[in-house]
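I have placed the structure first, in the form of structure tokens, so that the comments after it can refer back to it.
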Amino acid sequence: MTEVNAMAEYIHRTSRDYKPFQKYGGGNATTGKELIETVGCVGCHMVEGIDEKWNKLNQKKGTYLTGLGSKVDPDWLVSWLKKPSHYQEDTVMPSFRLSDTEANDIAAYLLSLKNEQFADLQFPEINKKLRDEILVSDYFSAFETITAAKQKLERMSDDARTMELAKKSINKYGCYSCHNINGFEGDLPQIGPELTKEGSKPVEQFGFGQQHQVPHTRQGWLTQHLKSPRIWDVGVPKPFKDLNKMPNFYLTNEEIESMVLVLLGQVGDKIPASGLKNLNANEKYFEEGMRVANRYNCYGCHKIDGIGGKLAEAFEDQNFGPPYLTKEGLRVKTDWLYDFLQNVHPIRSYVKVRMPTFNFTHEELNNLVMGFTAGAGQATFAAPDRVVWEPGEKEAAQKIWNELACTTCHTGGFTKDDPQAPDLHYAKKRLRPEFMDAWIANPQSFLPYTSMPAFWDDGNGKLIPAVEGVLDNDPKRQIQAVRKLVQEFGYDTNPKPFPKNE
């Protein structure tokens, strides 16, 4: 506890000043709870008290939101919800572009989550005698006599002793390995051992201590270590500073088993060149892009080429959830995606879940966009779309358009009815022509859940004419004609982007 007191005092004292830009004005907790469940918070967070349907997704990229009413300042919370990067410039937490009312409603719900036991805890006075003993016996006397160590202590003020123990403790436990802490910047020593060749480490080098019940094998030691890292100190006389420092992460048996499997595979064997995978240029770009997708947890909401997408799959009607990003680089134009990720604008105005605005660096943004493009084997820049009609083709396209009643769902710009599908006036700017052809031919091959009918598919993957007696009943010509029509009436601009809460 003495170390904890000292570190808490240090962190509090060295923290930078922060002035929230938004005042918490109270809100509707019930509405806030509904917003948490609908806008996309559950793509990263589990939240106390919400519908278990969402918590069962087991999304842990963000912290478990519980007891916040006993932990955080209301003004800080509503400012954080409005614009996370205002508090932490490099945060991976995105902005959902919440209105003042929405931010206050969500804050109202989160602040209603109390942990009375935590709130009642008192910050005790530091045990100064124990503090001084630790400094002398564990640190100062390491390179000096006890007498010299005590003299060094005597020359320090009471406050300096507490700060010194704090810094020694932070170094000892390697807190800076996970956290950014003022005063601990730069190239700091690695706190844990190198694990690159753990699977080749001789069993004799694993310290089993007095734990004779543990099988004396690599697998036995690693399994026990992950279950209870500090068990090896039991029954072994050690100075306090030399006790095992690894924390207990309370891993499940399944998590332990999977981690042990990986560690056992970390061997020192030299792999011949013939056994190595050499990535080509597109594969390298794709890997770099997907690292960004993983950092920002794009996989939490979206299914990307078959991976992730828990939130998307949780919707009863997936047309109202985050879209699958199957071959996204094949579907959308590179310049459109680059602009969209910086200036999010409406595509499906009828859904409640939101595409957030992320705080990408320029390098991350480039890597992500290029990753999608290269992953689909597409060129970065495409030739301008030019529509050239064959004789009678435009009239045929209009006939097909009318007979298939496309504006029943794609109402944007055509009727005043509520839309049930994206506004096709913006498809020209967003979608690659070759994808539009493939999509019209068989929408379900890209999005299995889509309500878009496969007019030209016979159900067995064979193309058939959607409208008889048009363009010689050639399904490919019919598809291309409809695509050309969409391109011709399409806009050369994107919709107005959402405000960014600047």
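Annotations
- Restricting Ser112, Ser141, Ser157 to residues that are among the polar types (S, T, N, Q) and either exposed (fewer than 13 other Cβ atoms within 10 Å of the Cβ) or under 28 Å from Arg16 (Cβ atoms) (or both) narrows the list to Ser157.
- Any hit, the range 254-270, residues being under 30 Å from Met1 (Cα atoms), of a type in the set (S, T, N, Q) and assigned by TED's automatic domain parsing to the domain that holds Arg218: no
- Of the residues making up the range 360-418, those that are among the polar types (S, T, N, Q), in a helix (DSSP H, G or I) and more than 25 Å from the chain's Cα centre (by Cα) are Gln398, Asn402, Thr407, Thr408.
- The numbered conditions (1) touching a residue at least 40 places away in the same chain (Cβ under 8 Å); (2) closer than 21 Å to Trp456 by Cα are all true for Thr408 except (1).
- Of the residues making up the range 42-61, those that are in contact (Cβ under 8 Å) with a residue 60 or more places away in the chain, of a type outside the set (S, T, N, Q) and within 18 Å of Tyr296 (Cβ to Cβ) are Val42, Gly43, Cys44, Leu57, Lys61.
- Options Phe381, Phe372: the member that is in contact (Cβ under 8 Å) with a residue 12 or more places away in the chain and buried (at least 19 other Cβ atoms within 10 Å of the Cβ): Phe372
- Only listed residue being in a helix (DSSP H, G or I) and of a type in the set (Lys, Arg), chosen from Lys53, Lys114: Lys53
- Residue within the range 422-430 that is in contact with a helix residue (DSSP H, G or I) (Cβ under 6 Å, 6 or more places away or on another chain) and either closer than 21 Å to Asp472 by Cα or among the aromatic types (Phe, Trp, Tyr) (or both) present: no
- Residue match in the range 56-67 (condition: among the aliphatic types (A, V, I, L, M), surrounded by 15 or more Cβ atoms within 10 Å (Cβ to Cβ), in contact with a His (Cβ under 8 Å, 6 or more places away or on another chain) and modelled with pLDDT of 95 or more): yes
- Identification of helices (runs of 4 or more DSSP H) wholly contained in the range 125-232 with 2 or more residues that are under 14 Å from Ala6 (Cα atoms) and of a type in the set (Lys, Arg) yields 128-134, 158-173.
- Inspection of the range 239-253 identifies at least one residue that is in a helix (DSSP H, G or I), modelled with pLDDT under 95 and not hydrophobic (A, V, I, L, M, F, W, C).
The values are calculated or read from the model by the stated rules, or taken from the named source; none is laboratory data. Owing to the predicted nature of the structure, the values given are computational and were not obtained by experimental measurement. Glycine gets a Cβ as well: all are built from the backbone with ideal geometry, and neighbour counts include every protein chain shown.
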